[in-house]
Amino acid sequence: MTLTREEPRVQDLTPALEAVDIVKRFDGVHALSGARLSVRPGEIHALLGENGAGKSTLIKIVTGIYSPDGGQILRGGELVEFANVRVAHRAGIVALYQELSIVPTISVAENILLGEQLPSRAGIVDQASLRRRARQQLDRLNQKIPLRRLAGSLSPVQQTMVALARALATDARVLILDEPTASLTDHEIRDLFAVLRSLRDEGVAIVYVSHRLEEVFELCDRLTIMRNGETIVTKDVADSTIDEVISTMVGRSAGDLYPERGTATTTVAITVTNLQGRRVKNISFTAHAGEVLGIGGLAGSGRSELLRILSGSQKHRSGEIVVGGATLPSSPGVGRALDAGIALVPEERRSQGVILRASIQDNIALANIPEVSALGWVRGAQIVEMAKRGMTDLQIKARGPRQHVGELSGGNQQKVVLAKMLARKPKVLLMDEPTRGIDVGTKAEIYRLIRQLAAEGTAVIAVSSELPELIGMSDRILIMHEGEVSGEVAAEGADDELLLSYCYGKTD
Amino acid sequence: GCSGSGGGGDAAKPFKVIAFTSGNQTPVGAWWVKAVTQKADELGWDLTMIQGDFDFQKMNPAVESAIGQGADAILDGYTDVASIGSIVTAAKDADIPIFAMDSATKESDAFAINITANQQQIADSTVNALDKAVGGLKGKSVMVIGHDPHPGIRERASLAEKAFTAAGATIAGGDIQKVKSPATGRTEALALVADYLTAHPNGLDAVWVGWDDAALGAAKALTEAGSSAKVTGVDATSEAIAQIEAGGNFLATVEQPWPSILDSLVGHMTAFHKDGTLPKTKFEAVDTTLVDASNAATITPSDKLK
Amino acid sequence: MTRTFTVAAPARSVGRLLLHGGTVVALVALIVFFFAMRPDVFLTFVNVKNILFQVSILAIIAGAQTVVMVVGDFDLSVGATSSLAGAVAASLMLTGVPIVPAILVALGVGLLVGLVNGLLIAYVNLSAFVATLATMTSVIGVAYLVTAGTTLFDLPAEFNNLGQGRLFNIPLPVYIAIVISIILWAALRFTTVGRQWHAIGGSVEVSRLSGVNVRRARLLAFTIAGLVSAIGGILLAARLGSASAVQGGDNMMFSVAAVFLGMTVIKSGVANLGGTMVGVAIIGVMSNGLNILGVNAYVQQVVTGLIIIAAVTLSSLKTRER
Amino acid sequence: MTRTFTVAAPARSVGRLLLHGGTVVALVALIVFFFAMRPDVFLTFVNVKNILFQVSILAIIAGAQTVVMVVGDFDLSVGATSSLAGAVAASLMLTGVPIVPAILVALGVGLLVGLVNGLLIAYVNLSAFVATLATMTSVIGVAYLVTAGTTLFDLPAEFNNLGQGRLFNIPLPVYIAIVISIILWAALRFTTVGRQWHAIGGSVEVSRLSGVNVRRARLLAFTIAGLVSAIGGILLAARLGSASAVQGGDNMMFSVAAVFLGMTVIKSGVANLGGTMVGVAIIGVMSNGLNILGVNAYVQQVVTGLIIIAAVTLSSLKTRER
Ligand SMILES: Nc1ncnc2c1ncn2[C@@H]1O[C@H](COP(=O)(O)OP(=O)(O)OP(=O)(O)O)[C@@H](O)[C@H]1O
Ligand SMILES: Nc1ncnc2c1ncn2[C@@H]1O[C@H](COP(=O)(O)OP(=O)(O)OP(=O)(O)O)[C@@H](O)[C@H]1O
Ligand SMILES: [Mg+2]
Ligand SMILES: [Mg+2]
């Protein structure tokens, strides 16, 4: 299995898909200005770049969702124009798009064979064949998901796997995956990689977008780096190093990803005693002002639920939460929790973090209504000022505070969420997967911000599925397993294997 | 309760009557339901009363299933013959006569008898009243407002239009103006007249309206535009009568003698009960009373019938 | 948004079943109540037949509405389209056109209205609400023109027989409603386009990006809704032996109410034909029962609203936000 | 979903502006057309006053609808609530209650209906469509009971004056509509709850997680809609000098149409008061203009639908995919 590190076989060198000098403007702003991408059959090609570099836009252009304002697309050497996704599908080009996965109200099997894939005879769906083929795809990914379940009832991880299964089921000759692993854990990632490698060996051209560079170096054959809507370089992975890639992406040399740890105070910021939720049980811990407390665990271990309870957005059955000396009521609601000084940066940015069709300033003001209003009236000047402050502090790249958040790249959207919550000056900041789908440069910024907040006396509680991140950003780490805390370690010099064993439920 | 037949004799079972009306949400409809129930009580009928609030999809099956269970006679109040084709068929099949009031404007095979107000006379009396009020219709501009879904209104509106044209008046807008929904009749008529008057300042000498509710809207529009044109309506609602007494633009309305029509219909039914005689004519148009300032005080408004 | 969490509920306890099927429970409760009040009348063969007869046309139109609502849209024009189709058929027959061609033309008119709705919504991207509101308005206007505002009657007996005839003492419309419901149910459940409708209703964007021809599928849904509404309207004309521009106009509101009631019947909360029929039954039983009890028409109207609220509330208890 | 792609249009050209403001263009086109047809009448002071008078009550009710639609909901009961409020005020005054208390009670009734809607929707989690459909049904029933099915009249002259009086030769309802519109506009734009309504309309979940009391805000929106509808209904009663259970029922459909037309006026496609007023103006100008031209009522109805489609289509060209 792992002798794949050899040179890609020199077979057909005509690119399976080639995009030349693509230009795309949104509202007069260049999202792409001279983007190029050339993928050969039988290779896994990484598409890299900072948030907002234009990766997703490029993908949407080669699959017919957007029409380019300039440039050409060649499929197997021939000039093509895709009027819509279906035309691109028929040309063998299929993509799994960022942050759009499943149809919640139909079954798993139907999700996997959605669209023109649905097996039918004379317009009647062939149920047996439907289930057989769906089962095949899930087997490839080692998933045991019941085929008749409604996809909306699956866990986020399972939903991603179903979406992946759909992309794999298309028999695409060019398969494009936009950050497929953002919400997956190691286990699923490994299964996915095995499938991708075997597809490559069958001659499929694969474009792989990810911010996890370790993955890229493990999986991919060649890479293309984009910056500010332009393609900077395409080369073999074997000829590159992570540092070099990072500096090409950001246009400067990469500093240290994680900042120095600080010193936690002895002031208790939050005490949780015997918390019981739906899936979380017996949770007790304390976090101090100035401390970064990391929370790890496998998907579904209840980390997000814990944060939701702490933030007041979900009720708990019993237990006590004490913040700054005051006990929170049993179901405080988000508003009361915010007033008490607890703020949450949620997991799903687009559906929980930002209102896409509202401006940056309105998004930021939303959680800060008391501060930007008086006697029930909002004060426009203060909103603008607050937004501008947030945008400068967090270096949000946008035309101005009035730009709609939906037009920002993922990383900048995440910064808007942060800005919104930081304006509340929380005592305890809860962050659920704070760097999901965010490029290395921005990641480093966010770690630095977290540290800076801690230094100013905030207690930061951050959930992460990436072990290196967990270790790098935290002072102390709690690991959860099936709703309970299974272990606690100091982050400094923490041992990967020990953390993993806690993740799988081993307690000391 | 009602004790069968007073005189004893051979009346083994009571006279079985199905009564239905589509208009029970209107004041007249509500009076009819009460009056028929009362009469049935007095006469010892076995009455099935079905109310349809204009929903024929609901009413027709209910009536038909009552027919299916057997009856001696059917009494229809204010329901257009056009809308009850399926009931008529069912009644014919079961050989049960339908006694109707205000259910068609012409003779119809559907009914043993249909008694209604005389539309021609309604049109004539109102047109006459307007003629007198405006000092002769010749060359005058008259707006006629109708409502097609109601057969009575439709009939009298077209008769009125003919009468106006014959008298040498011009029909404002060239044709009968149509109100679409009875629910918004007053507002629609108000807008029609107001807009016409802006387009043709002082362009109206009279407005003839097929029923009082819309006539009240027309009168209001005239008052607001400062016009002295006169309006007539039909129905003799208390609101119209009050306006007539107040002496504004509202000139006259028409009283239709519903209680006496019902009485004579019940008379026909009693006769039929006794020995199976059916009325000699199938259609009877009863004369109406024009209500104007001179007699307004003596009229019982149609929404105050007891 | 809450949908995701409903499914995570505990096992199938009786309580849960009750809550889940709140609408079904409401239907049963209504039946039991009316039966208890008038045991001599309510569940007799004649009355049940009566109820079926009364709701059969609503059932057809609610079926049309279900299709559109599965796709996540609305069709406010179903009632108007049905009136227009009835009016067109009637006026053609009155001018001497034979029954079959008259019906075919009327069906064609319904199909055309549906097609226009579909084009406006799927291809011009109008919101379903505005588009069907606008077509509803125009279609009623056209129906007024076709009928000259009157009620057309004196239709051929064979035509009326379609709506008034019986087979084994059960009115024909009941059979027709059942057949159409079964066809629509099967289409929604077993055909590729039916599954595509469900997918689009779940997420337009994911469906589109997965290669579903979203526009064509939506176009088809509205077209079918127009056609089926026309069937309902023609039957109504045959059933009443007459046609007017406004007849059956209430069917629009009632059809939406029925579909909504039906959505509460199943776990996923999606429009579904079985549920719609439960909704139709509630509406039918309620109006018939209240009539039988002789409840004042105004009070009936008040009670109708209350019962709809009660039924939906009962079901919605399960989806309560955490 | 398509919204994301809307922005793909070329730079701020005149053409784009035209497309953007399709609805405004449609309004201007209507005005120009009617003016060209009847230059002597259409833009005269009297006629403009006439139009304003005719739309003032619709404007108020459409304002109520706008609030609810900003939150992402619907209120089908606005028309019924307005009729009920008018009926309550009228019947109280007829039994001798002085004008001010009668009006206050009627406003209270409207508020109560709105409150019930809000509770059902925000706290019992019913869909706005079913909940307001059900309350609409019940409220009409109650209005029938209040009026006993008749039209109440003979209201005190001072009351009627509210709807029929003039100031500087302009009818009072016009002023009232303007004041209410400005208040609602300011509330939507400058108050905290207004910002919260917009946020909830954008995403319920994000708003909730940002500490917005979503339920309370929605409750408030429906309550205000009920109250404002009641104002509209009381004014309508005063304007007509009478009150019935159904008067003003068509304001519901028209209010929704106006808000939808207005949504096309601004880029983000959200309900907005300015846009709603453009929508109201279109509806008013159209019906007045067609009346002035003496167009047959049935044809008017057809044309109304077509013009709504044309206006919305024009605006939606910009939202065309790709
Ligand atoms: N619909 C849109 N309207 C306006 N601007 C847009 C739109 N979509 C993308 N952009 C802009 O285009 C640029 C490229 O965005 P894109 O989503 O392609 O970046 P990306 O490389 O995929 O970033 P990420 O890694 O965060 O996903 C960004 O500046 C973004 O703000
Ligand atoms: N396997 C599952 N079966 C049923 N429901 C699930 C499952 N996994 C998650 N959920 C539900 O989905 C919601 C979100 O799940 P999510 O995985 O984000 O939360 P979590 O359990 O806290 O996981 P994590 O620890 O990965 O953050 C939870 O409220 C949970 O009830
Ligand atoms: Mg991206
Ligand atoms: Mg999580």
Quiz item: Could you count how many residues in region D:209-222 are under 27 Å from A:ILE360 (Cα atoms) and part of a helix (DSSP H, G or I)?
Solution: 9
Quiz item: Which residue out of B:ALA242, B:ALA206, B:ALA219, B:ALA229 is within 11 Å of another protein chain (Cβ to nearest Cβ), touching a strand residue (DSSP E or B) at 6+ places or on another chain (Cβ under 8 Å) and modelled with pLDDT of 90 or more?
Solution: B:ALA219
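Looking at A:LEU150, A:LEU154, which one is within 16 Å of ligand 4 (Cβ to nearest atom) and within 23 Å of A:SER304 (Cβ to Cβ)?
On the way: A:LEU150 fails: within 16 Å of ligand 4 (Cβ to nearest atom).
Just one listed residue meets the conditions, A:LEU154.
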Quiz prompt | Lone unmet requirement of (1) among the hydroxyl-bearing types (Ser, Thr, Tyr); (2) open to solvent by 30 Å² or more (accessible area, probe 1.4 Å); (3) within 14 Å of chain C (Cβ to nearest Cβ) for D:TYR175 | solution = (3)
Quiz item: So which pairs qualify, if the first residue must be in region C:283-308 and of a type in the set (Phe, Trp, Tyr), the second must be open to solvent by 10 Å² or more (accessible area, probe 1.4 Å) and not in a helix (DSSP H, G or I), the Cβ gap must be under 9 Å, and the two must be at least 6 apart or on different chains?
Solution: C:TYR298/B:GLN25; C:TYR298/D:ALA148; C:TYR298/D:GLY149
Self-check item: Residue count for region A:426-445, restricted to those that are more than 16 Å from ligand 4 (Cβ to nearest atom) and touching a strand residue (DSSP E or B) at 6+ places or on another chain (Cβ under 9 Å)
Solution: 5
Quiz item: Which one is farthest from the other protein chains (Cβ to nearest Cβ) among residues in region A:341-363 that are among the small types (Gly, Ala, Ser) and without any contact (Cβ under 8 Å) to a residue 60 or more places away in the chain?
Solution: A:SER359
Practice problem: Among the residues of region C:204-243, write down those that are touching a Phe, Trp or Tyr at 6+ places or on another chain (Cβ under 9 Å) and small (Gly, Ala, Ser). | Solution: C:ALA217, C:ALA221, C:ALA237, C:ALA238, C:GLY241, C:SER242, C:ALA243
Self-check item: Sole residue being away from ligand 4 (no atom under 16 Å from the Cβ) and surrounded by 24 or more Cβ atoms within 10 Å (Cβ to Cβ), chosen from A:GLN395, A:GLN403, A:GLN413
Solution: A:GLN413
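Given the options A:LYS397, A:LYS415, name the one that is away from every other protein chain (no Cβ under 14 Å), within 16 Å of ligand 3 (Cβ to nearest atom) and assigned to a helix (DSSP H, G or I).
Details: A:LYS397 fails: assigned to a helix (DSSP H, G or I).
Of the residues listed, the single one that is away from every other protein chain (no Cβ under 14 Å), within 16 Å of ligand 3 (Cβ to nearest atom) and assigned to a helix (DSSP H, G or I) is A:LYS415.
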Practice problem: Kindly establish whether C:GLY63 is surrounded by 24 or more Cβ atoms within 10 Å (Cβ to Cβ), more than 13 Å from every other protein chain (Cβ to nearest Cβ) and closer than 24 Å to D:LEU133 by Cα. | Solution: yes
Self-check item: Failed criterion for D:VAL206 (all others in (1) open to solvent by less than 10 Å² (accessible area, probe 1.4 Å); (2) within 30 Å of A:GLU348 (Cα to Cα); (3) in a helix (DSSP H, G or I); (4) more than 7 Å from every other protein chain (Cβ to nearest Cβ) hold)
Solution: (4)
Quiz item: Consider A:GLY487 against the criteria (1) in contact (Cβ under 8 Å) with a residue 60 or more places away in the chain; (2) touching a His at 6+ places or on another chain (Cβ under 9 Å): it satisfies all of them except one. Which criterion is unmet?
Solution: (1)
Quiz prompt | Number of positions in region A:79-99 that are in contact (Cβ under 8 Å) with a residue 40 or more places away in the chain, open to solvent by 30 Å² or more (accessible area, probe 1.4 Å) and either within 16 Å of ligand 2 (Cβ to nearest atom) or facing another protein chain (nearest Cβ under 9 Å) (or both) | solution = 2
Quiz item: What residue, among those in region A:148-183 that are away from chain C (no Cβ under 14 Å) and without any contact (Cβ under 8 Å) to a residue 60 or more places away in the chain, is nearest to ligand 1 (Cβ to nearest atom)?
Solution: A:THR181
Quiz item: So which residues in region A:127-144 are within 14 Å of another protein chain (Cβ to nearest Cβ), crowded, with 16+ Cβ neighbours inside 10 Å and not basic (Lys, Arg)?
Solution: A:LEU130, A:ALA134, A:GLN137
Exercise. Run down A:SER67, A:SER56 and say which single residue is open to solvent by 20 Å² or more (accessible area, probe 1.4 Å), in contact with a Phe, Trp or Tyr (Cβ under 9 Å, 6 or more places away or on another chain) and part of a loop (DSSP other than H, G, I, E, B).
Key: A:SER67
Quiz item: Is it true that some residue in region A:375-396 is outside the structural domain of A:GLU214 (by TED's automatic domain parsing), modelled with pLDDT under 85 and under 21 Å from D:ARG208 (Cα atoms)?
Solution: yes
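Just to check your reading of the model, which residue among A:GLY42, A:GLY76 is farther than 30 Å from A:GLU348 by Cα, in the same structural domain as A:ARG166 (by TED's automatic domain parsing), touching a residue at least 60 places away in the same chain (Cβ under 8 Å) and open to solvent by 20 Å² or more (accessible area, probe 1.4 Å)?
Of the residues listed, the single one that is farther than 30 Å from A:GLU348 by Cα, in the same structural domain as A:ARG166 (by TED's automatic domain parsing), touching a residue at least 60 places away in the same chain (Cβ under 8 Å) and open to solvent by 20 Å² or more (accessible area, probe 1.4 Å) is A:GLY76.
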Quiz item: When the residues of region D:244-267 are filtered to those that are over 14 Å from D:GLY79 (Cα atoms) and open to solvent by 30 Å² or more (accessible area, probe 1.4 Å), which remaining residue is farthest from the other protein chains (Cβ to nearest Cβ)?
Solution: D:VAL265
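Kindly check whether there is at least one residue in region A:439-446 that is at pLDDT 85 or above and part of a helix (DSSP H, G or I). Outline the logic, then answer.
Step one: filter region A:439-446 for residues at pLDDT 85 or above, giving A:446.
If we keep only those that are part of a helix (DSSP H, G or I) too, we end up with A:446.
Checked region A:439-446: at least one residue is at pLDDT 85 or above and part of a helix (DSSP H, G or I).
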Quiz item: Of the conditions (1) surrounded by fewer than 24 Cβ atoms within 10 Å (Cβ to Cβ); (2) under 20 Å from B:ALA183 (Cβ atoms), D:ALA85 fails just one. Which one is it?
Solution: (1)
Exercise. Go over the candidates D:ALA237, D:ALA199, D:ALA225, D:ALA258 one by one and state the one that is in contact with a strand residue (DSSP E or B) (Cβ under 7 Å, 6 or more places away or on another chain), at pLDDT 85 or above and either among the aliphatic types (A, V, I, L, M) or assigned to a helix (DSSP H, G or I) (or both).
Key: D:ALA237
Quiz item: Given the conditions (1) in a strand (DSSP E or B); (2) in contact with a helix residue (DSSP H, G or I) (Cβ under 7 Å, 6 or more places away or on another chain), which single one is not true for A:SER284?
Solution: (2)
Quiz item: Tell me, which residue of region A:16-39 that is open to solvent by 30 Å² or more (accessible area, probe 1.4 Å) and farther than 28 Å from A:LEU219 by Cα is nearest to ligand 4 (Cβ to nearest atom)?
Solution: A:PHE26
Practice problem: For region A:423-431, state whether one or more residues are in a helix (DSSP H, G or I) and surrounded by 24 or more Cβ atoms within 10 Å (Cβ to Cβ). | Solution: no
Quiz item: Based on what the data block shows, is A:ALA205 closer than 26 Å to A:ALA91 by Cβ, away from ligand 3 (no atom under 16 Å from the Cβ), more than 14 Å from every other protein chain (Cβ to nearest Cβ) and open to solvent by less than 50 Å² (accessible area, probe 1.4 Å)?
Solution: yes
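The values are calculated or read from the model by the stated rules, or taken from the named source; none is laboratory data. Only a predicted model underlies this, so the values are computations on that prediction, with no experimental measurement involved. Because the Cβ atoms are built from the backbone with ideal geometry, glycine has one as well, and the counts that use them run over all protein chains shown. Just the protein is used for accessible areas: all its heavy atoms, side chains included, with ligands, DNA and RNA removed. Shrake-Rupley method; radii C 1.70, N 1.55, O 1.52, S 1.80 Å.
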